[in-house]
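The values are calculated or read from the model by the stated rules, or taken from the named source; none is laboratory data. Remember, it's a predicted structure, so these values are computed and weren't measured experimentally. FYI the Cβ positions are ideal-geometry reconstructions off the backbone, even for glycines, and counts take in every protein chain you see.
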Amino acid sequence: MNITLDWLGCATFRLTIGETVVFLDAYMDRVPSAPPVGLTTAEVTKADFVLVGHAHFDHIAGAEVIARNTGAKVIGSNETARVMRGYDIPEGQLLRSQGGERHRLADGVTVRVFPSLHSCVWVSSRLDASGVTLGHYGLCEHERAAVAAESGLGTAIGGLGGGDSELARQMREHLTTAAGSRETGGALAYLIETPVGSIFWQDTSGCWTGVLQNIRPDVAIIAAAGRGNIDGEPIQGSLAQFVAREADLLRPRTIILGHHDNWMPPLTSEGGTDVEPIREELARVVPTAKLLEPGYLAGTRLLA
C-alpha cells in the first residue's frame with residue numbers, strides 16, 4: 001500500500017493512502033504575506049475525508065470549500081460541525097466526534113479519535129530568549145482570563161487587524177472572511193491505522209499524557225508552536241521539551257513537525273519556529289526516532 005504525505009503549511013497535511021485522500025486540517029488559503037504552499041482549496045479535486053483538529057480559523061478554514069467541491073466527509077467536533085453547517089455543508093457529510101470514535105476511511109483503513117488539548121493561548125509562549133517558560137500554573141479559568149486580559153493576549157490576533165497599513169487591511173479582511181470559530185470546540189487528535197502501519201496527527205501543542213502513553217504509532221505528526229499544554233497546565237519549560245515529552249510518550253519511529261512555519265506574519269516570525277532546539281531535544285530524548293522535515297507539497301513516502 002502506497003502512503004504519501006504532503007505538508008500544506010501550518011498544521012495542514014494531505015495524506016494519500018492508496019486511492020483514499022484524507023486532508024488533515026484544511027488551512028491553505030492564507031494571508032497574501034504568508035509563503036504560498038503550492039495548492040489552494042479551490043484546486044483540490046479529490047478528497048474523501050477532512051479531519052479537523054479544532055475549530056479555529058487557521059485549522060478549519062477551507063474545509064467547507066473542500067467538502068462542497070469534492071463531497072468529502074468532515075470529521076470533527078460539534079463546533080466544527082456547527083461551522084460547516086453555517087456554510088451549508090449537509091449533515092450527511094459531517095461525522096461529529098469528541099474522542100472515543102472510530103471511523104472507516106477505506107477497506108482496511110480506519111481512524112480513531114482521541115480527546116486532546118489546545119496550547120495555552122492565554123499565556124505568553126516565550127518569556128525569555130532561551131524559550132523556557134515558567135509560571136501561570138494552577139490557575140482557575142477566571143484567573144487565566146484575567147492574565148490574558150492584562151497582557152492583551154486574549155485579543156492579540158484580532159488586534160493585528162488594526163491600523164491603516166496594507167498588511168493590517170489584509171489581516172482584517174482575512175479574519176473577517178475565513179471560516180472558523182473563536183472556540184476550539186474541544187481539540188482532537190487522530191490515529192490513522194492502515195495495514196502497513198499507523199499515523200498519529202494533532203494540530204496544536206497540547207495533550208493528555210494518560211491518552212498518549214497508550215498510543216504507539218509508527219509515524220507521529222506533532223504540532224510545534226506556542227506554549228505546550230500538559231494535562232491542562234502550561235509547560236514549565238520550553239516548546240522543545242514539550243515536543244520531546246510527547247514523542248517520548250508516543251515512541252514513534254518517525255516524527256514530523258507541524259504548525260511551525262511562518263503561517264501568519266507578523267504574528268509568526270520569518271522562517272517560523274526555530275526548530276534547532278527541537279531537533280536537539282528529540283535527539284536526546286528519543287534518539288531512535290527519525291525526524292523528517294519535508295517542505296510544502298513534498299510527497300513524502302510514509303511507512304515504506
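The set of residues in segment 262-286 that are surrounded by 18 or more Cβ atoms within 10 Å (Cβ to Cβ) and within 25 Å of S198 (Cβ to Cβ) comprises V275, I278, E281, L282, V286. The single condition among (1) over 21 Å from V113 (Cβ atoms); (2) acidic (D, E); (3) touching a residue at least 24 places away in the same chain (Cβ under 8 Å) that E270 does not meet is (3). Is there a residue in segment 125-144 that is more than 30 Å from I199 (Cα to Cα), surrounded by 13 or more Cβ atoms within 10 Å (Cβ to Cβ), among the aliphatic types (A, V, I, L, M) and modelled with pLDDT of 85 or more? There is at least one residue in segment 125-144 that is more than 30 Å from I199 (Cα to Cα), surrounded by 13 or more Cβ atoms within 10 Å (Cβ to Cβ), among the aliphatic types (A, V, I, L, M) and modelled with pLDDT of 85 or more. Looking at segment 224-232, is at least one residue farther than 18 Å from E101 by Cα, touching a residue at least 60 places away in the same chain (Cβ under 8 Å) and polar (S, T, N, Q)? Yes.
Matching residues to (1) outside any loop (DSSP other than H, G, I, E, B); (2) of a type outside the set (S, T, Y); (3) closer than 13 Å to G9 by Cα; (4) touching a strand residue (DSSP E or B) at 6+ places or on another chain (Cβ under 6 Å):
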position: M264; (1), (2), (3), (4): no, yes, yes, no
position: S269; (1), (2), (3), (4): no, no, no, no
position: T273; (1), (2), (3), (4): no, no, yes, no
position: P277; (1), (2), (3), (4): yes, yes, no, no
position: E280; (1), (2), (3), (4): yes, yes, no, no
position: A283; (1), (2), (3), (4): yes, yes, no, no
position: T288; (1), (2), (3), (4): no, no, no, no
position: L291; (1), (2), (3), (4): yes, yes, no, yes
position: L303; (1), (2), (3), (4): no, yes, no, yes
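Here T300 meets the list (1) more than 16 Å from the chain's Cα centre (by Cα); (2) at pLDDT 95 or above; (3) farther than 21 Å from M28 by Cα almost entirely, failing just condition (3).
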